[in-house]
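Read the figures in this text as sums done on the coordinates, not as results from a lab. As the structure is a prediction and not an experimental result, all values here were calculated from the model. Heads up, the Cβs are rebuilt from the backbone with ideal geometry, glycines too, and the neighbour counts pull from every protein chain shown.
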Amino acid sequence: MATTQNLPPVDQRHHKAFDSISVPERLLLGPGPSNAHPSVLKALSLPPIGHLDPFYVDLMGEVQELLRYAWQTDNRLTLPMSGTGSSAMEATIANVVEPNECVLVAVNGYFGNRLVDMAGRYRAQVETIEKPWGDAFSLEELELAVEQYRPSVLAMVHAETSTGVCQPMQGIGELCHKYDCLLLLDTVTSLGGVPLFIDEWGVDLAYSCSQKGLSCPPGLGPFTMSPRAEKKLERRVGKVPNWYLDVSLLNKYWGSDRVYHHTAPVNMNFGIREALRLLSEEGLENSWERHKKNAEKLWEGLESLGLKLHVSEDLRLTTLTTVQIPEGVNGKEFNLHLLNNHGIEIGAGLGSLAGKVWRIGLMGYNSTPENVERILNLFKTELPRFKENVACAA
Ligand SMILES: Cc1ncc(COP(=O)(O)O)c(C=O)c1O
């Protein structure tokens, strides 16, 4: 038996008595996370089982099939990465980009810049095409850039959470096929809430998250890869320079071999299975329509209060709306007021839109007419009072 005789005394400085956890009630109407559906929370609290248990192995297959439906793809390599959306984002780049290859990133917001950073870390020759934050790319602009740089990968964001823009996808897949480059798409704020057709649009690599349109807490990063992207992975000269995200290794666990790779977060997968099951029960078209209706109700209500929306209606995301902060209002203080006094989170602006916009998310479980009414009422009653307070304090 181990003896404690020669051990040093236990340092008690960090040994404090904490109460058991209690979390304040919040309505999450920001850029994400969104509130989780109650039956997803129930699934998350089921007792864990082994990650190689035959029951769990069957559940993995179900999650993959549900994800293929949500993404409208037949891709074999469709699975949730154990990590948040950024892990799946990094997986798309880590698996197909080799050093000195050209990756062209279309940047019109914060997350385009994250793709630039990641591709650079994998030693790609990164080129960018840029648009103002609040705008989208035309097919002609993309074609000019692809023709100029001849990239191996064109990376772009379908739903820019920092700006509220939904990138039109018509023709981009064909363009990438014509120039023999892979199309990589960030679908973090579109999956489940916005029409998305991975195969039809010719998308080769896509990633998403669990905590927005899927109404599950953060922790998983759905990932999908086309047969074309798989071929590029097979042709690699060097190993994927990231062990944890190497899809060829991960597929030995998610594919038929069922070889241990890492201990899967089994409860998160219980949760996402329930979240995806709910989406499939509702039906994609119904979910997209619900998000559209509620977003339109929000836009109409905000505009009738005299507020200006940052993105033109034809490019507006239905999952996330950017509202311009009126002159003289301290946006951050209004955010804090809603959170502290009404238990509602809305987002502040990011990057070049910091201090200029609020970001209101209506995603998954939270996209309801009741939530739209609740937030509109608060803008109606609190914002004028808030403006007076700001004027008084000035
Ligand atoms: C468009 C977009 N891409 C990537 C990410 C990163 O996802 P995560 O924060 O889950 O790592 C986010 C997060 O909000 C996002 O909105």
Ile360 within 23 Å of the chain's Cα centre (by Cα) and not acidic (Asp, Glu): yes
Filter pass, Val105 being more than 21 Å from Ser248 (Cβ to Cβ), part of a strand (DSSP E or B) and either within 16 Å of the ligand (Cβ to nearest atom) or among the small types (Gly, Ala, Ser) (or both): yes
Residue count, the stretch 109-124 (criterion: within 30 Å of Glu313 (Cβ to Cβ) and within 11 Å of the ligand (Cβ to nearest atom)): 7
Residue within the stretch 178-189 that is of a type in the set (Val, Ile, Thr), in contact with a Phe, Trp or Tyr (Cβ under 6 Å, 6 or more places away or on another chain), buried (at least 21 other Cβ atoms within 10 Å of the Cβ) and assigned to a loop (DSSP other than H, G, I, E, B) present: no
Long-range neighbours under 7 Å by Cβ, at least six apart or interchain, first residue free of Cβ contacts under 8 Å to residues at least 60 places away in the same chain and away from the ligand (no atom under 11 Å from the Cβ) within the stretch 178-191, second charged (D, E, K, R) and in a loop (DSSP other than H, G, I, E, B): Tyr179/Arg150; Leu183/Asp204
Elements of type helices (runs of 4 or more DSSP H) contained in the stretch 1-100, each with 2 or more residues being away from the ligand (no atom under 16 Å from the Cβ) and not polar (S, T, N, Q): 38-44, 54-71
Among the candidates Glu160, Glu174, Glu143, Glu127, residue that is under 28 Å from Leu233 (Cβ atoms), within 16 Å of the ligand (Cβ to nearest atom) and either surrounded by 23 or more Cβ atoms within 10 Å (Cβ to Cβ) or not hydrophobic (A, V, I, L, M, F, W, C) (or both): Glu160
Candidate set from the stretch 209-248 (those that are surrounded by fewer than 24 Cβ atoms within 10 Å (Cβ to Cβ) and over 18 Å from Leu182 (Cβ atoms)); member that is nearest to the ligand (Cβ to nearest atom): Pro218
Helices (runs of 4 or more DSSP H) fully within the stretch 203-292 counting 1 or more residues that are under 22 Å from Glu98 (Cα atoms): 227-234, 247-254
